[in-house]
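The values are calculated or read from the model by the stated rules, or taken from the named source; none is laboratory data. Given the structure is predicted, the values throughout are model-derived calculations rather than measurements. Neighbour counts are summed over all protein chains in view; Cβ atoms, including those assigned to glycine, are modelled from backbone coordinates with ideal geometry.
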Amino acid sequence: MTSLLNSRIIRFLVGIWLPLLLIWWWWTASADSVDPFFPPLSAIWEQFKFNWIWQLFPVHVVPSLRNLFVGYSIGIIAGVVFGALLGSSRRVSRYFEPLIDFFRSIPPVATVPVFILLFGLDANMRIAAVAVAATFPTLLSTMQGFRGTDSTLLDTGNVFRLTKFQMMWKLRIPSASPLIWSGFQVSLQIAFVVTIASEILGSGFGIGAFTVMSSDSFMILDAWTGVLLMGLIGFALNVIFDIIEKRSLHWYFGQKKLTR
């Protein structure tokens with residue numbers, strides 16, 4: 001137990017030494033800065049606490065996270081469902097692959113103006129843009145995972161006369177789940193970028209909108225706090241995702257440790 005705790009502490013320290021070093025360098029290097037566009041980190045931090053500890057949190061952070069999670073949930077559910085259907089049948093997937101390749105080649109951020117035309121500037125536009133952006137990474141990874149299911153495993157299922165539902169739930173999904181979770185992670189990163197981009201292009205609320213409006217108004221400290229908040233939220237989302245993934249795929253990571 002003690003050795004396991006020590007190894008976790010060592011991994012944690014190894015993971016944070018570089019960010020801490022960069023923060024220390026930024027803090028000391030900018031301490032005497034008089035450039036209005038590159039203020040001291042200490043001043044940014046004081047403004048960050050004033051802005052984002054409860055005062056502006058419900059106004060800008062809550063709408064951003066709501067749109068992100070709603071759009072992301074819709075996107076990954078659609079990606080898993082259609083990816084499972086197309087990955088289970090190569091015949092069916094042949095008809096849809098050209099269409100999928102076309103749409104996934106379009107940068108997700110470039111689709112935001114299209115959604116503005118379709119839905120206007122309300123929250124539905126941002127949710128739709130995030131959902132579509134989050135769909136394709138999950139869709140492609142789910143298709144790949146289902147196609148990579150071991151044929152011996154499927155033959156074993158046929159021998160035991162499993163139904164199609166049982167084959168899907170007990171064999172294909174567990175086999176494809178590591179790749180599906182990889183798609184979830186990529187979808188989350190893209191969804192966060194599209195959330196901020198949709199707020200920048202057409203919103204009065206949200207972290208992206210706040211940052212752009214602050215920059216346009218020459219409220220430089222506020223703009224820096226928005227940039228800092230985006231980085232912290234992105235970092236927190238990745239940490240939370242890694243924890244959930246390791247708990248959900250504990251059997252997979254356990255097998256990897258045994259094979260090392």
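Filter the range 157-168 down to residues that are part of a helix (DSSP H, G or I) and of a type outside the set (D, E, K, R) and give me whichever is farthest from Val239 (Cα to Cα).
Going through the qualifying residues, I end up with Val159.
Residue by residue through the range 191-205, note down the ones that are within 19 Å of Trp52 (Cα to Cα) and either among the aromatic types (Phe, Trp, Tyr) or under 17 Å from the mean Cα position of the chain (by Cα) (or both).
Listed by number, the residues that qualify are Phe192, Thr195, Ile196, Glu199, Phe205.
Considering only residues that are in a helix (DSSP H, G or I) and crowded, with 17+ Cβ neighbours inside 10 Å, look in the range 234-260 and name the one that is modelled with the highest pLDDT.
Step one: filter the range 234-260 for residues in a helix (DSSP H, G or I), giving 234-248, 250-259.
If we keep only those that are crowded, with 17+ Cβ neighbours inside 10 Å as well, we get 237, 245.
Working: Leu237: 93, Glu245: 89.
Across the range 234-260, the extreme among qualifying residues is Leu237.
For Arg126, all conditions in the list (1) in contact with a helix residue (DSSP H, G or I) (Cβ under 8 Å, 6 or more places away or on another chain); (2) of a type in the set (D, E, K, R); (3) over 30 Å from Ser64 (Cα atoms) hold save one; what is the number of the exception?
(3)
I'm checking my understanding of the structure. Among residues of the range 169-213 that are among the aromatic types (Phe, Trp, Tyr) and assigned to a helix (DSSP H, G or I), which one is farthest from Val130 (Cα to Cα)? Steps first, please.
In the first step, residues of the range 169-213 are kept if they are among the aromatic types (Phe, Trp, Tyr); the result is 169, 181, 184, 192, 205, 210.
From what's left, assigned to a helix (DSSP H, G or I): 169, 181, 184, 192, 210.
Details: Trp169: 28, Trp181: 18, Phe184: 13, Phe192: 8, Phe210: 19 Å.
Filtering first and then ranking leaves Trp169.
Would you point out which residue out of Phe102, Phe82 is under 30 Å from Gly148 (Cα atoms), in a helix (DSSP H, G or I), at pLDDT 90 or above and not small (Gly, Ala, Ser)? If you could, list the steps in order and put the result at the bottom.
Working: Phe102 fails: at pLDDT 90 or above.
Answer to the check: Phe82.
Under 8 Å between Cβ atoms, at least 6 apart or on separate chains: pull out the pairs that start in the range 58-87 with a residue that is on the phi > 0 side of the Ramachandran plot and end on any residue that is modelled with pLDDT under 90.
If the second residue must be modelled with pLDDT under 90, no pairs are left.
Here are Thr149, Thr156, Thr163: which of them is among the polar types (S, T, N, Q), surrounded by fewer than 22 Cβ atoms within 10 Å (Cβ to Cβ), in contact with a Lys or Arg (Cβ under 7 Å, 6 or more places away or on another chain) and without any contact (Cβ under 8 Å) to a residue 40 or more places away in the chain?
On the way: Thr156 fails: in contact with a Lys or Arg (Cβ under 7 Å, 6 or more places away or on another chain); Thr163 fails: in contact with a Lys or Arg (Cβ under 7 Å, 6 or more places away or on another chain).
Result of the check over Thr149, Thr156, Thr163: Thr149.
Give the residue that is nearest to Ile220 (Cα to Cα), with candidates limited to residues of the range 31-43 that are without any contact (Cβ under 8 Å) to a residue 12 or more places away in the chain and small (Gly, Ala, Ser).
Here the answer is Ser33.
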